[in-house]
Amino acid sequence: MVVEMRMIRWMHSYTRMDRIKNGLIRDLVKVAPIEDKMREIRLRWFSYVKIRSVDAPLRRCERINIPGGKRGRR
């Protein structure tokens, strides 16, 4: 997130010394936060997995039954 804001500031020649808040810069530049974009991509992948057939290796992982429901210690 820090690197992203650094790049946005650099692209529009703002510095930290200008003391402009990150939210204001994002609104000026019209850039979505990286977390939102990552969440969007993950959800897109999840919908791809759900479309696959029930016998596909990706979907078989959903049916794995772990006795007790907890992971063991290392």
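The values are calculated or read from the model by the stated rules, or taken from the named source; none is laboratory data. Note that the coordinates shown come from a computational prediction; the quantities given were computed from them, not determined experimentally. Every residue, glycine as well, gets a Cβ built from its backbone with ideal geometry; the counts of neighbours run over all protein chains shown.
Considering (1) at pLDDT below 80; (2) more than 25 Å from the chain's Cα centre (by Cα), the lone condition that Arg16 does not fulfil carries the number (1).
Mind checking which residues of the range 1-14 are hydroxyl-bearing (Ser, Thr, Tyr) and exposed (fewer than 10 other Cβ atoms within 10 Å of the Cβ)? It would help to see each step written out before you state the result.
Of all residues in the range 1-14, those hydroxyl-bearing (Ser, Thr, Tyr) come to 13-14.
Matches in the range 1-14: Ser13 only.
Just to be sure I understand, how many residues within the range 15-24 are more than 14 Å from Val3 (Cα to Cα) and either surrounded by 12 or more Cβ atoms within 10 Å (Cβ to Cβ) or basic (Lys, Arg) (or both)? So the answer is 3. Here Arg39 meets each of (1) within 18 Å of the chain's Cα centre (by Cα); (2) charged (D, E, K, R); (3) over 23 Å from Cys61 (Cα atoms) with one exception, condition (3).
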